[in-house]
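Throughout, read-outs are computed from the coordinates displayed, never taken from laboratory work. Computed from a predicted model, the values in this text were never measured in an experiment. Here Cβ is always computed from backbone atoms with ideal geometry, including for glycine, and neighbour counts include all displayed protein chains.
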Amino acid sequence: MSNIDLQALIPNNVHLGENRQLQRALEHWQPAFLNWWDEMGPSDFKAKEVYLRTAVGVDASGWASYGYTPMPDYRWGIFLADKEEGRKIGFGDHMGEDVWQEVPGEYRSTFRRLIVTQGDTEPASVEQQRLLGHTAPSLYDLRNLFQVNVEEGRHLWAMVYLLHAYFGRDGREEAEELLMRHSGDADKPRILGTFNEPMDNWLSFFMFTYFTDRDGKFQLKSFAESAFDPLARTTRFMLTEEAHHMFVGETGVGRVIKRTLEVMKELDTDDVATLRKAGVVDLPT
Ligand SMILES: [Fe+2]
Ligand SMILES: [Fe+2]
């Protein structure tokens, strides 16, 4: 079990303090990130106390334990699952060889593209969900939304750490670009189409956390098997957070459907217009 240094400027369990150059580069990127969070993160909730879970430790099987922190004090950090000694590559041309601690030259641009594309989706979803706090159906939903948002912000940190630590100057430039592209921006949109669609209602949010986060989970699951060990360890930890996002989606969609069925029964109808008038989401929708 490796403990997380929560006192550091950037909380981490990667011994950031021992690599001054990397630490400085990331500390340089941090204000740009916080700026982005202010401008593009959940709007108008800065002053409110929302209690959130935050990682305080992580072990090899990927379990995280959490403490509580009000949102303005949330500390985004760099958390990797513990190293598995003697881990081997599980498939492909290099099957059976030791996993890589550095990116081999011939795969560098492929890895960079994968990491940048993954990293781009994380802040994109925060941008998409920026205004949802204003129409939250309940305080419970509001908390879940913010929990998902801060964790997607942390996933951006996870990818930026890899870019900074393993891809030199190219990586640092890509990390800056991740804060320049914005969801739905005409000039600099996010890389994947679905992350440029507007998300202005909670049904979309529940559908997003049900389906898109599930898609994301399988993407992360394949990264977790990567021959590039730091990527595998990073994503193994992210998966512990992703589980909660899917829970939000599943229970959200479930509650919407349950209410619809209750009203259908009460009014003894499946007429779309009648149900909509009664304030529930009809099933064909
Ligand atoms: Fe994520
Ligand atoms: Fe997620």
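Structural remarks
- Proximal aspartates and glutamates to K221, defined as alpha-carbon separation beneath 18 angstrom and excluding residues fewer than eight positions away on the same chain: D59, D82, E84, D120, E122, E151, E152, D213, D229, E241, E242
- Top positive-direction residue, dipole computed over region 2-277 with Cβ charges, set L145, P31, T235: L145
- Max mean-square fluctuation residue, GNM over the chain, Cα-Cα springs under 10 Å, options L267, L239, L192: L267
- Inter-probe distance in nm under a simple model that places probes 7 Å from Cα toward Cβ, at E49 and E266: 3.5 nm
- Cβ-derived FRET efficiency at R0 45 Å, D200 paired with R24, nearest 0.05: 0.65
- Contour excess over end-to-end distance, with Cα ends at R108 and V281 and 0.36 nm allotted per residue: 57.5 nm
- Sum of -39500 (n - 2.57) over DSSP H runs of 4+, divided by residues of the chain (222 nm, nearest 500): -17000 deg cm²/dmol
- Gaussian network model of the chain, springs between alpha carbon atoms under 10 Å - residue of D93, D82, D215 with greatest fluctuation: D93
- GNM top mover of F91, F45, F146 - the chain, alpha-carbon springs below 10 Å: F91
- FRET efficiency, S138 to L34 (Cβ-Cβ, R0 30 Å, nearest 0.05): 0.55
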